[in-house]
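The values are calculated or read from the model by the stated rules, or taken from the named source; none is laboratory data. Given the structure is predicted, the values throughout are model-derived calculations rather than measurements. Cβ placement follows ideal geometry from the backbone for every residue including glycine, while neighbour counts extend to all protein chains displayed.
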Amino acid sequence: MSDIGLIPVDWEARFDPQRMPTDAVNYIVNHDVKGPVLSPDYWGGYLIYRLHPKEKVVLDDRHDLYGADFFKSYLKLIHAEPGWEDFLREHQASCIVVPKQSALATVLTESAAWKPIYADSVALVFTSHLDEP
């Protein structure tokens with residue numbers, strides 16, 4: 001019998017904290033930050049690994065599952081192009097994890113609708129405070 005494809009029960013995945021938002025996600029978990037959580041597609045799989053099933057993650061890098069219109073709207077968001085907020089409204093993201101030096105981090109920092117709650121050398125975490133009383 002082959003062990004290919006089987007993951008031992010006591011196996012714990014290791015992720016490079018310089019490439020993945022490990023500390024940011026630890027913050028989300030430890031402070032019970034609510035989703036849906038949005039991040040760049042290349043971090044989505046990691047967020048699903050860490051947050052599922054407690055919190056919904058908006059997307060990951062399986063582009064073929066989402067369709068062309070979804071992906072075009074996502075790219076507008078990630079590049080902080082005019083109308084970037086539309087994607088967030090459509091997908092009801094209430095938490096965003098973004099690379100520290102990204103265009104989206106810049107516009108979120110300047111937005112009255114989003115509040116930074118965590119920052120490190122890799123990622124920033126924002127929550128929507130439009131729903132706050």
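Only residues that are of a type in the set (Gly, Ala, Ser), in contact (Cβ under 8 Å) with a residue 40 or more places away in the chain and in a helix (DSSP H, G or I) were counted across segment 27-71, and they come to 0. Out of curiosity, is residue 100 at pLDDT 95 or above and more than 21 Å from residue 129 (Cβ to Cβ)? Here the answer is no, as residue 100 does not meet what is asked.
Here residue 81 clears all of (1) out of contact with any helix residue (DSSP H, G or I) (no Cβ under 7 Å at 6 or more places or on another chain); (2) acidic (Asp, Glu); (3) crowded, with 19+ Cβ neighbours inside 10 Å except the condition numbered (3).
Listed by first and then second residue, the pairs with beta-carbon distance under 6 Å, at least 6 apart or on different chains, first residue in segment 111-123 and part of a strand (DSSP E or B), second of a type in the set (A, V, I, L, M), are 114/108; 116/124; 117/125; 118/24; 118/125; 123/24; 123/97. Name the single residue that is surrounded by the fewest Cβ atoms within 10 Å (Cβ to Cβ) among those in segment 41-78 being under 20 Å from residue 103 (Cα atoms) and over 13 Å from the mean Cα position of the chain (by Cα). If we take residues in segment 41-78 being under 20 Å from residue 103 (Cα atoms) and over 13 Å from the mean Cα position of the chain (by Cα), then 72 is surrounded by the fewest Cβ atoms within 10 Å (Cβ to Cβ).
Residues that are touching a His at 6+ places or on another chain (Cβ under 8 Å) and either of a type outside the set (Gly, Ala, Ser) or surrounded by fewer than 20 Cβ atoms within 10 Å (Cβ to Cβ) (or both): does segment 90-100 have at least one?
no
Check whether at least one residue in segment 113-121 is modelled with pLDDT of 95 or more, crowded, with 17+ Cβ neighbours inside 10 Å and either at negative phi or touching a helix residue (DSSP H, G or I) at 6+ places or on another chain (Cβ under 9 Å) (or both), and report yes or no. Yes, segment 113-121 contains at least one residue that is modelled with pLDDT of 95 or more, crowded, with 17+ Cβ neighbours inside 10 Å and either at negative phi or touching a helix residue (DSSP H, G or I) at 6+ places or on another chain (Cβ under 9 Å) (or both).
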